Amino acid sequence: MTRLFKLSWRLILRLLYRVEVTGLENYDKAGDRVLIIANHTSLLDGILMYAWLPETPTFAINTEIAAKKAFKPFLYFVHLFEMDTLNPLSMKSIIKFIKQDNKAIIFPEGRITRTGTLMKIYDGPGLIADKSGATILPICIEGAQFSRLSYMKGRGYVRWFPKIRLSILPPEKLNLPPEITGHARRRAASRRMYDIMCKLSYTSFDQKRTLYSAMLAASNSFDKKQVLIEDISRETLSYKTLILRSILLSQLIKKQTSSGEHIGVLMPNVNALPVLFFALQFIGRVPAMLNFSSGMLAVNRACQTAQVKTIFTSRRFITNAKLEKMAEDLEKNHTVIYLEDLRNEIGLGNKLLALLMSFNPEKHYAKQKINTNPDSAAVILFTSGSEGHPKGVVLSHGNLLANYCQVRCHIYFNPSELVFSCLPLFHSFGLNAGFLMPLFGGARTFLYPTPLHYRIIPELIYELRATIFFGTNTFFKSYARYAHPYDFNSLRCVVAGAEKLHDDTIRLWANKYGIRIIQGYGVTETSPVISINTLMSNEAGTVGRIIPDMECYIKPVEGIEHGGHLVVKGPNVMQGYLFHDKPGKIHPPSTERGSGWYDTGDIADIDNEGNIIILGRAKRFAKIGGEMVSLSAVEELAALTWPDISHAATAVYDDRKGERIILVTEKQAAERKELQQAAKINQIGELTIPKTVLSVDKIPVLGTGKTDYINLAKLVDSDDTEKVENSWKNKISKLVKHSPSGKS
């Protein structure tokens, strides 16, 4: 009777939801003493596992849920273990039950998701797995969150019968060290369970495809007609219009470029950029995202490094941004094509063909048979050059999609969210977090052309009721100077990256807006995210724990007692660099541990709970009398002394101590003795106090929001030279003044 009932449910669910099940062989590998865990997506979850698991395991559920009438018919056919979360004896009973070589199913979230991603993970499941010595069998349920039996109504694209996939992952153990005991062991078990649940979310998305095919898959998962992207002109794009326009534009680009060619993209954050980006993806061209704010010399060198022959831009943009001279210089050695000119070439035939192809884009995209390998180059970005010569960073389709999978369990991209994206798309943070990730998750995105409009952006966020906002410490501090206390009331997730988030910025946003800024960490070479704090786990002073499917180690550095070079490996690590002196050849990352490992160039430490603490760039340490001093720590001291003001530290050669630290600050009439007082109060070492303090009107900043340390060094060098000259002039004048003859 039970078997017939299971088969009946299996047939019904397969007909209605086209259920796919993978990894059933892992069920037998788990053995007898097993704790089965799954993400909780809908009211269908229990029925799905009952119908497809070979045996009928025991479901451990809350007594309140078990008492509901709606569940009674289903509960009649399964083994049930009712748990009272307030009763310690209940926990001991299920531990004893599993120890007797039984299998039990539990949902670590304890409730059905309301965000489409992971909810809070309770300590109980980790404790049960640890105390019982059970093998954990993770099961991922994907698609059921879009059904009418989910709790996503009003928060996502809910429909009657979405496709559902069950993925049974390989079994694993908690494997906690025996020396961890008591409350620390409970926390460690809970963290380990959370990591396994994040892995569920990570593996549920198919990253073995290209960006264009992932976009098409997203269009099939969500409402194709919903507003997806909007720009400052208030023109909107849906999945449907993005697909149609990208196909149309690709037919024109195809005539003027060759397969696999690196194409320069010189565009701001407007709707034409996503269309151009996916048009290039459709026909297998590789966009090289050019940083127009870096100046003509840097853009020209970037084109040489990536062997760019053709550049696409817009006449309107060139005029508005006053880049006529740059465009004129680029035209000397490159073919510069303006999108307005291409628009004039579009005929009725082109439109009809594109419309026909847009009805079945999967078929016509597959026909291209160009750049459809997930491991092939998808985009070329360029390092900021804030501390050295820019390099080309080649990211594959798999790199970018893996990073989306790694992040989506922490940040809920779904159709109810609106991402305000003002970071430029030539920057990895802006490209993936501010554009591609929301697109793959079905979230809406508002593209704004610059992050530098400190008065306008808060007003737009208030008007649009944006919910997710990405930025940098520099920008967040500047917005807070002008924004009304109610401007950011709709924001639910504010994430800082690209540079260190300072304590004064955190306090300012918490006090003025009641918003906790979440700090993440990454580099262009890792697509970009490496670690991130979350709303559920936010450790002050850290950049969070490393994301799923990444490894890291700390490489010791002479002169630094705690910490060292942070070296990482994972599916989001770039294919390799393009160097200016070796154009066209990709140089994969590698370290002493082999290929695939990438040295971030950052000095970091890792605490007992796995949180990464960034101490500063390796290049941003000064060696004074044999001691390594972090320039970031100098900037933090300045922020403690003069909050809400921008500061930057750099080092210059010193013939006595090796190097000398100079603090550049926007604080007028700043004096070193104020820094000394703050250092004494906060018990900060003497070496962290800069020898020289230089006041300026404006610290140079890159378009990405990072401090421009190259121009800062030039500024300091020129000022230092001037001070030396003035010093000698003063000495000479004193000698003349005290000379008996009055002559030198």
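Structure values in brief
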quantity: Criterion: at pLDDT 85 or above, under 34 Å from the mean Cα position of the chain (by Cα) and not β-branched (Val, Ile, Thr) - qualifying residue of 713, 633, 638, 678; calculated: 638
quantity: Flag if residue 425 is of a type outside the set (Asp, Glu) and in a loop (DSSP other than H, G, I, E, B); calculated: yes
quantity: Test: residue in segment 368-376 that is in a helix (DSSP H, G or I), in contact with a Gly (Cβ under 9 Å, 6 or more places away or on another chain) and surrounded by 13 or more Cβ atoms within 10 Å (Cβ to Cβ); calculated: yes
quantity: Scope segment 428-444; condition surrounded by fewer than 24 Cβ atoms within 10 Å (Cβ to Cβ), among the aliphatic types (A, V, I, L, M) and not in a loop (DSSP other than H, G, I, E, B); matching residues; calculated: none
quantity: Those residues of segment 194-215 which are within 28 Å of residue 246 (Cα to Cα) and aromatic (Phe, Trp, Tyr), in sequence order; calculated: 205, 212
quantity: Some residue of segment 42-64 being touching an Asp or Glu at 6+ places or on another chain (Cβ under 8 Å), modelled with pLDDT under 70, farther than 14 Å from residue 109 by Cβ and not hydroxyl-bearing (Ser, Thr, Tyr); calculated: no
quantity: Options 392, 398, 442; residue that is under 17 Å from residue 277 (Cα atoms) and of a type outside the set (S, T, N, Q); calculated: 398
quantity: Residue 351 vs. criteria in contact with a Leu (Cβ under 8 Å, 6 or more places away or on another chain), under 30 Å from residue 301 (Cα atoms) and not assigned by TED's automatic domain parsing to the domain that holds residue 145; calculated: no
quantity: Residue match in segment 647-654 (condition: at pLDDT 80 or above, charged (D, E, K, R) and not in a helix (DSSP H, G or I)); calculated: no
quantity: Only listed residue being modelled with pLDDT of 90 or more, crowded, with 21+ Cβ neighbours inside 10 Å and not assigned by TED's automatic domain parsing to the domain that holds residue 165, chosen from 228, 216; calculated: 228
quantity: Any helices (runs of 4 or more DSSP H) falling wholly within segment 238-338 and containing at least 1 residues that are modelled with pLDDT of 95 or more and either of a type in the set (Val, Ile, Thr) or within 25 Å of the chain's Cα centre (by Cα) (or both); calculated: 239-256, 272-282
quantity: Matching residues, segment 40-65, being of a type in the set (Gly, Ala, Ser) and touching a helix residue (DSSP H, G or I) at 6+ places or on another chain (Cβ under 6 Å); calculated: 42, 51, 60
quantity: Selection count where residues are small (Gly, Ala, Ser), surrounded by 18 or more Cβ atoms within 10 Å (Cβ to Cβ) and over 25 Å from residue 467 (Cα atoms), scope segment 111-133; calculated: 4
quantity: Segment 336-354 residues that are more than 27 Å from residue 318 (Cα to Cα), paired with ones that are part of a helix (DSSP H, G or I) and β-branched (Val, Ile, Thr) (beta carbon under 8 Å, 6 or more apart); calculated: 354/247
quantity: Which listed residue is within 30 Å of residue 153 (Cα to Cα) and in contact with a Ser or Thr (Cβ under 6 Å, 6 or more places away or on another chain), from 464, 418; calculated: 418
quantity: Every pair of residues 6+ apart whose Cβ atoms lie under 6 Å, when the first sits in segment 294-320 and is farther than 13 Å from residue 380 by Cβ while the second is of a type in the set (Ser, Thr, Tyr); calculated: 310/257; 310/335; 315/338
quantity: Test for residue 175: is it over 26 Å from the mean Cα position of the chain (by Cα), more than 30 Å from residue 321 (Cα to Cα), surrounded by fewer than 20 Cβ atoms within 10 Å (Cβ to Cβ) and among the polar types (S, T, N, Q); calculated: yes
quantity: Any hit, segment 180-201, residues being assigned to a loop (DSSP other than H, G, I, E, B) and within 25 Å of the chain's Cα centre (by Cα); calculated: no
quantity: Qualifying position, being in contact with a His (Cβ under 8 Å, 6 or more places away or on another chain) and either exposed (fewer than 12 other Cβ atoms within 10 Å of the Cβ) or among the β-branched types (Val, Ile, Thr) (or both), among 335, 319, 310; calculated: 310
quantity: Tally of residues being touching a helix residue (DSSP H, G or I) at 6+ places or on another chain (Cβ under 8 Å) and assigned to a loop (DSSP other than H, G, I, E, B) across segment 14-39; calculated: 4
quantity: Positions within segment 590-607 being surrounded by fewer than 19 Cβ atoms within 10 Å (Cβ to Cβ) and either at positive phi or not acidic (Asp, Glu) (or both), in sequence order; calculated: 590, 591, 593, 594, 595, 596, 601, 606
quantity: Qualifying position, being surrounded by 21 or more Cβ atoms within 10 Å (Cβ to Cβ), among the aromatic types (Phe, Trp, Tyr) and either touching a residue at least 60 places away in the same chain (Cβ under 8 Å) or in contact with a Ser or Thr (Cβ under 8 Å, 6 or more places away or on another chain) (or both), among 469, 488, 475; calculated: 475
quantity: Residues satisfying the stated conditions in segment 550-589, i.e. part of a strand (DSSP E or B), on the phi < 0 side of the Ramachandran plot and in contact (Cβ under 8 Å) with a residue 60 or more places away in the chain; calculated: 552, 577, 578, 579, 583, 586
quantity: Looking only at segment 506-523, and only at residues there that are in a helix (DSSP H, G or I) and of a type in the set (Lys, Arg), the one that is surrounded by the most Cβ atoms within 10 Å (Cβ to Cβ); calculated: 512
quantity: Positions within segment 453-505 being among the aromatic types (Phe, Trp, Tyr), within 17 Å of residue 646 (Cβ to Cβ), out of contact with any strand residue (DSSP E or B) (no Cβ under 7 Å at 6 or more places or on another chain) and not in a loop (DSSP other than H, G, I, E, B), in sequence order; calculated: 475, 479, 482
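The values are calculated or read from the model by the stated rules, or taken from the named source; none is laboratory data. Predicted model only: the values in this text are computed from it and were never measured. Positions of Cβ are generated from backbone atoms using ideal geometry, with glycine treated the same way; all protein chains shown enter the neighbour counts.
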